[in-house]
Amino acid sequence: MAVVLKRLTHDLYESATSLLVAPEQLKFTGTVADALAGIDEACHPHGIWLDRSMVGFFIVDTQFDHEFDFCEAGSLGIRTFLIDGQRQGQGLGKTAVKALRPYLTGAYPASAMIWLTVNCKNLAAYRCYEQGGFTDTGDLYLGGAAGPQHVMRQALTH
Ligand SMILES: CC(C)(COP(=O)(O)OP(=O)(O)OC[C@H]1O[C@@H](n2cnc3c(N)ncnc32)[C@H](O)[C@@H]1OP(=O)(O)O)[C@@H](O)C(=O)NCCC(=O)NCCS
């Protein structure tokens, strides 16, 4: 299964808002609409495509260090990573996470590391990130509204 990761142009923002997760998953990511409403130019929304369908979404935050002091300036952060509820459980999340490193290495040549935080109760996402090449740093981020989060990272190879 091949997925394509691509930065969203503004004209695709609206179709991205039709990507929905289950109500009980909202505490982990919120909605795409909220995420798009809350970003500035440092945050780059992306779509995950399978064939011609947009099946998922994530944001590349180029100023992750402004919020999280565990990472150095110039690091990339992944936010609001999600697969549409109707397409979950088919391996798409894992495949998309595996595609992050080659994509980000090419698209952000000045960055050496990708970071993310994942809620300790979010087993599906944790497994997805781990199998997709991220390493748990062992640190916990305690500032999240829905409880402690694991801090994970992956080096980019240039
Ligand atoms: C997390 C998410 C992206 C995973 O996407 P997905 O396409 O369903 O994941 P995959 O089908 O690739 O499965 C990845 C792994 O998670 C496991 N998994 C899936 N759902 C699970 C669940 N409810 N509980 C535990 N493990 C689960 C799968 O078994 C698989 O592991 P395996 O290969 O060892 O079997 C998706 O569930 C999602 O969008 N969740 C809501 C938003 C969210 O929480 N995002 C993360 C924010 S940090």
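The values are calculated or read from the model by the stated rules, or taken from the named source; none is laboratory data. None of the values given here were measured: they were computed from a predicted structure. Cβ sites come from the backbone with ideal geometry, for glycine too, and all protein chains shown count toward neighbours. When the accessible area is computed, the model is the full protein with side chains, heavy atoms only, and any ligands, DNA or RNA have been set aside. Shrake-Rupley method; radii C 1.70, N 1.55, O 1.52, S 1.80 Å.
So which residues in the stretch 33-48 are open to solvent by 40 Å² or more (accessible area, probe 1.4 Å) and either among the acidic types (Asp, Glu) or in a strand (DSSP E or B) (or both), if there are any at all? Those that are open to solvent by 40 Å² or more (accessible area, probe 1.4 Å) and either among the acidic types (Asp, Glu) or in a strand (DSSP E or B) (or both): Asp34, Asp40, Glu41. Of all residue pairs spaced 6 or more apart or on separate chains, those with beta-carbon atoms under 7 Å, a first member in the stretch 15-41 that is under 22 Å from Ser53 (Cβ atoms) and a second member that is within 10 Å of the ligand (Cβ to nearest atom) and small (Gly, Ala, Ser) are Leu19/Gly56; Leu20/Gly85; Val21/Gly85; Ala22/Gly85. Residues in the stretch 89-103 that are open to solvent by 70 Å² or more (accessible area, probe 1.4 Å), within 12 Å of Ile48 (Cβ to Cβ) and near the ligand (Cβ under 6 Å from one of its atoms): Lys94 only. Can you tell me which residue is least open to solvent (accessible area, probe 1.4 Å) among those in the stretch 6-28 that are closer than 12 Å to Asp84 by Cβ and assigned to a helix (DSSP H, G or I)? Per the criteria, the residue is Ala16.
Residues that are closer than 23 Å to Ala99 by Cα and of a type outside the set (A, V, I, L, M) within the stretch 11-24 comprise Tyr13, Ser15, Thr17, Ser18, listed in sequence order. Total residues in the stretch 108-149 satisfying the condition of being of a type in the set (Gly, Ala, Ser) and under 15 Å from the mean Cα position of the chain (by Cα): the figure is 4. Against the numbered list (1) over 14 Å from Arg153 (Cα atoms); (2) open to solvent by 40 Å² or more (accessible area, probe 1.4 Å), Gly56 comes up short only at (2).
Scanning the stretch 114-150 for residues that are open to solvent by 40 Å² or more (accessible area, probe 1.4 Å) and of a type in the set (A, V, I, L, M) returns Leu123, Ala124, Leu140, Leu142, Ala145.
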